Amino acid sequence: MWGRAVHVFVDESKRDDYILCAVTVVPSGVDEMRKRMRELCPKGSSRIHMKSVDRKTAPKIVTEVAKLNADSRLYVVKSRKLSEREARDLTLTAAAHDLVELSPELHQISVPTPTGDSRCRGSRGCARRRR
């Protein structure tokens, strides 16, 4: 899905490892995706915070989100030696590099390379997982 115009949504988790999820959706699918995500929000809330969701509801949310027509990538930093800011910088830079590589219309954009490991590998880097 990343080879054409897309909307990109990014979220992060800081439980044990630092995880950044980048989700891409074609423009024609954004309204439907927002509608379905709102339907999954707990009553009285405009957001989904998995740490606040009970154990019975969490699997339902994960199952429904997995059904959405979107492409997602996870960027994971496992190092405890990095600050949250450093982990965020690594994962955002890796996501930006991937988006530029996979979307021809974005090739003119300059993405800064983090100091050290530009591809986010090794003990200080992040692992990429694609759904």
Once you put a point 7 Å from the Cα of I61 and another 7 Å from the Cα of S28, both along the Cβ direction, what distance in nm separates them? 3.1
May I ask you to give the percent of accessible area on the range 7-68 that is carbon plus sulfur, with a probe radius of 1.4 Å? 51
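Cα gyration tensor of the range 1-62, axes a ≥ b ≥ c as square roots of the eigenvalues: rounded (a/c below 1.5), prolate (a/b > b/c) or oblate?
Verdict is oblate for the range 1-62.
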Among the listed pairs K14/K56; K43/K67; K56/K78; K56/K81, which are separated by more than 24 Å between their Cα atoms? K56/K78; K56/K81
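The values are calculated or read from the model by the stated rules, or taken from the named source; none is laboratory data. Note that the structure is a prediction, hence the values are computed from the model and not measured. Backbone-built Cβ (ideal geometry, glycine too); neighbour counts: all protein chains shown. Ligands, DNA and RNA are excluded from the accessible area calculation, which covers all protein heavy atoms including side chains. Shrake-Rupley method; radii C 1.70, N 1.55, O 1.52, S 1.80 Å.
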